[in-house]
1. Considering only residues that are modelled with pLDDT of 90 or more and of a type in the set (Val, Ile, Thr), which ones fall in segment 424-453?
2. Would you point out which residue out of VAL127, VAL139 is of a type in the set (A, V, I, L, M, F, W, C), in a helix (DSSP H, G or I) and without any contact (Cβ under 8 Å) to a residue 60 or more places away in the chain?
3. Quick check: anything in segment 92-102 within 25 Å of ALA430 (Cβ to Cβ) and of a type in the set (A, V, I, L, M, F, W, C)?
4. Check LEU162, LEU146, LEU116, LEU71 and return the single one that is under 22 Å from the mean Cα position of the chain (by Cα), under 22 Å from ARG57 (Cα atoms), in contact (Cβ under 8 Å) with a residue 60 or more places away in the chain and surrounded by 14 or more Cβ atoms within 10 Å (Cβ to Cβ).
5. Return the total of residues in segment 367-410 being within 30 Å of HIS323 (Cβ to Cβ), over 12 Å from the mean Cα position of the chain (by Cα) and modelled with pLDDT under 95.
6. Within the bounds of segment 180-201, is there any residue that is of a type in the set (Asp, Glu) and surrounded by 24 or more Cβ atoms within 10 Å (Cβ to Cβ)?
7. Take the conditions under 17 Å from ALA302 (Cβ atoms) and not aromatic (Phe, Trp, Tyr) and apply them to GLN228. Does it pass?
8. Pick from segment 321-363 the residues that are modelled with pLDDT of 90 or more and within 23 Å of the chain's Cα centre (by Cα): which of them is nearest to ALA259 (Cα to Cα)?
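The values are calculated or read from the model by the stated rules, or taken from the named source; none is laboratory data. Given the structure is predicted, the values throughout are model-derived calculations rather than measurements. Virtual Cβ from ideal backbone geometry, glycine too; neighbours counted across all protein chains shown.
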Amino acid sequence: MSDGTSGGVHRADHRTNHRPTVRVYTGEREGALWLDLEAPGVGATLTVRLAPLGEVRQHGAKLNAGLGRILREHRGRVDAPVPADPEERARRNLVAAGDSLAALGAYGRAFLFDVLTDPQNDSRRLVEFLRTACPTWRVRSGEPPLIHVITRSDHVFPWELLPLFEPARPPRVRDQPELEQAALAFPGYAAVVERRDRDDVQWNLDLAGWDRLPLRMVYHAGYPGARQELDFFRGRGDQLRLEGPYPGDVGKPDAPSLAAQLCDPALGVDGSRGVPADQVLHFACDCEARPEDPDGHGYLLADEQRRELRVLLRELKSDLVEHWAAQGPGRVGTHRTDKPLVFLNACGTAVMDPHSAISLLQPFQRNGNRGVIGTSANIPDGTAAVMSRWFYTGLLTGSTVGQALHEAKWRLLQDRGSVLGLLYSLHGLAGMRITPVPVPARRRTGGSEDPDGRRGPAPDQP
């Protein structure tokens, strides 16, 4: 099977740190979008024809409208009075998570009905293929299957959000084992999904942690969750070298632009040079992307005084081209192959359609960043902060990026009754990890650390 480029299958092997359980090649031909799947371990292949790309995008927008309803229900639970009884609180979270999964499954089945050209047969074939390729999909212990998707960023197929392992409507969830089984219907919980553009080059999978992990933060200080994320990073000073946050002072005219910092990860937020090159670039801000207003797409930031800085997507693209054109041999930041992993933790209220959400990732992908973690919608502020802390706690204790993101999704589901972890997707290789892992100056007791353990209740904590 070929992905339309020389090397086809071998390119996927070359870029993953271990053998994928499933490879998916997504592309357009004969006026339609196609999925070509391989399962190397069992020697199986499958080809599925979808609707034309424009129609797939339209139905993706409908799916996201359904996600919007789930988001509103989530916010309603957060705002509701919290039961004093811990058991009642846990029961409420359990039921809420089960109901959200059931609703998401219904939206996902409708999406498959609309985009599969032969839904009666192809829905069954997809389920059978994935179950055969991933025979341990029902088991939570051990390494989850890896689904490696080679696709253009605008070829949106929301693998994480579709009940492709078990499309049948689950019974009402009554306990944790039933919640786990309901969640494992979705690749976002049953597997690790990584996406790569077929034109990408190979990047270094090691996030350098020799003298702590260099991390740059870009934020909106008006969001309590963003400030709590900042506190979390500052509290890990024995493992993290924090640069920022940016913007430090919106009124400072000589501060480097966001584009300048993207092009040179060793440029300080104050314009100084020689800081350790970022290994991670973390955003905790509002992302604005409405299909009816493409000129308004962008990132809303704010400094400590809550003075806002709106970085429009079109202006960022323009600034990046200007910087790229100025970079020549020997110039600072030229064509680095170690540009940081980007975590775009979009916190806010707006629901974005998939195509608009993907557009916000493109500057980082075109800039040559090693990977991007992004969301298909703005996540409620407190939930985004909790997800971030669980992700970095895993990463700083030796997990790969894929493992840390996967476990954070499960923690959010099981501890908070929230399915919103499914909205996080990885555009890059899951095998990235900190090498070596910075050893904290003071050992924390109790095995793996709970990111909420040192500072009391986290946002949205019942």
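1. Matches in segment 424-453: ILE434, THR435, VAL437.
2. Only one candidate passes the filter, namely VAL127.
3. Looking through segment 92-102, at least one residue is within 25 Å of ALA430 (Cβ to Cβ) and of a type in the set (A, V, I, L, M, F, W, C).
4. LEU71
5. 4
6. Yes, segment 180-201 contains a residue that is of a type in the set (Asp, Glu) and surrounded by 24 or more Cβ atoms within 10 Å (Cβ to Cβ).
7. yes
8. Filtering first and then ranking leaves PRO363.
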